[in-house]
Amino acid sequence: MILGCAGRLKPDQSMPATDAGYDTAEILACGKRWHGLGICSLAKTADITTLEVKVQGYYGGTVHWFSEGCGINYSEEYEGNVQIELSAATVIAKSCIISVTVSPKYTPEMRKDLAVHSFRGHLAVKLLPGGAWLGETRKLSGNWQDNLTVPVQGGTAATVVFRGCKKTYKETLPVSQQTVPVSLRKASDLGQGDLCVLDGFAITDKKQETSANVLMHIYNPAFSRLSIPKMELKKGSLIVSGEDAVSIVGLDDKYMLGSEAKFSFNEQLPHTLRLLTVKGRSVLCEYNPLATTPPPGAKGEWKCSQ
Amino acid sequence: MQSITTWVSLLVQLISIAAMIWWNAKKQDWAKNDSEKAKAKDRAETENQNQSAQEQLDSAESANNADREEILKG
């Protein structure tokens, strides 16, 4: 039985995710699946450094790739629900931010009189000479407070330097349990809509260094993230119920229209679940089966991001 | 007389159906235009965000490298 068979997209009363500065494109890079914001490091040693980057496309449309620092600026059409790869000719000559905008076209029958919006994402790529590195991403809003826990080796104090988000931060901080907690609020001076890469390091009094980068984007506090769906496993099937605004529910390469859907589900295999709206809001969930010896045991775990 | 009323009623129905078809087509056109406008705006905004973040990253890396050397020497 297919629950999601509405045949057309549904309206979403929220503000478009791109207008709010909330990134939702699904990016695959450096062995990870990122939702909206991603970060990777590359060794600076190679003569020519390339990076495999893909973005998930939905229902055919256009993907636009752009990077001021890495000299990327082109669009390409895609068909269906496919992963679109960044041109293999892209050379990463320096640390840069790769931005991607996925604009599904949908069919006129699906769209009817609804305006559809894009899914945008950013991937920060840091070229490193080597050594320890910490890379994280943050989507922040309103009166946010957040810390970065920088791991360090040896020493009782560390000199911490961060720049890149409208502020220079230099502090000597005590090392506690081989980590240095850094207030991201103090290390940056950001306003609504700002996107930046915090770049810095911690050097301990024993001269041990850890490099760190945080890709940060401040979104409009009036924006509502799409809710995590209800998921129910029943007799080898996964039943998914999302918000009314959800137009598309997809499990792996199977996509259905509507805010509810039922899929056949193998608990022993990893899966990716996606819920999308016409305003570019999305939920991305990954299922990982837990290793159990001998079976039966815990079935697996879901990790969802909005 | 009855025949005229029937014809008028039919004509009114036809006009209202035609108007509905026209209105629906128009709404779809507007939605398509809105989608295209949003796409162009998103693209321009993305480029601006990227350029601004890149400028800040470039100057941050350069200043951080100088600080790093100084701290490691000191």
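All of the numbers you see were taken from the coordinates with simple rules; none came from a lab. The shown structure was predicted, so the numbers you read here are calculated from the model rather than taken from an experiment. Neighbour counts are summed over all protein chains in view; Cβ atoms, including those assigned to glycine, are modelled from backbone coordinates with ideal geometry.
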Average partner coverage of A:114-122, which counts Cβ from other chains inside 10 Å: 5
Derived scalar couplings ³J(HN,Hα) [segment B:42-54; Karplus, 6.51 cos²θ - 1.76 cosθ + 1.60; whole Hz; x for Gly, Pro]: 4, 5, 5, 5, 4, 5, 4, 4, 5, 4, 5, 5, 5
For segment B:67-74, Karplus couplings with θ = phi - 60° (6.51, -1.76, 1.60), whole Hz, Gly/Pro x: 5, 4, 4, 5, 5, 5, 5, x
Proportion of all alpha-carbon pairs of chain B beyond 21 Å (%): 67
Fraction of the pair-distance distribution of segment A:7-77 above 21 Å, Cα-Cα pairs, percent: 41
A:D189, A:D253, B:D67 arranged by Cβ crowding within 10 Å, fewest neighbours leading: A:D253, A:D189, B:D67
Cα gyration tensor shape for segment A:172-302, rounded if a/c is under 1.5, else prolate or oblate: oblate
Phi-based couplings in Hz for segment A:71-78 (Karplus 6.51, -1.76, 1.60; Gly and Pro marked x): x, 10, 6, 7, 10, 8, 8, 9
Proxy reagent accessibility, fewest Cβ within 10 Å first, across B:S16, A:S95, A:S224: B:S16, A:S224, A:S95
Longest DSSP-loop-exposure-free segment, GluC sites (Glu not before Pro), chain A, at most 13 other Cβ within 10 Å: A:80-306
Shielding by partners - mean other protein chain Cβ count within 10 Å, residues of A:281-289: 0
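Run the numbers on segment A:94-240 and let me know its relative contact order in percent, using alpha-carbon pairs under 8 Å that are six or more apart.
23
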Peptide A:199-207 - average C-beta neighbours from other chains (10 Å radius): 3
Pairs of Lys in segment A:26-136 closer than 28 Å at Cα, counting only those 8 or more apart or on different chains: 12
Sequence of A:M216, A:M110, A:M231 once ranked by neighbouring C-beta atoms within 10 Å, starting from the fewest: A:M231, A:M110, A:M216
Lysine pair count for chain B [Cα-Cα under 27 Å; pairs on different chains or 8 or more apart]: 7
Cut-off under 5 Å, modelled amide H: who pairs with A:I248 long-range: A:G258, A:L276
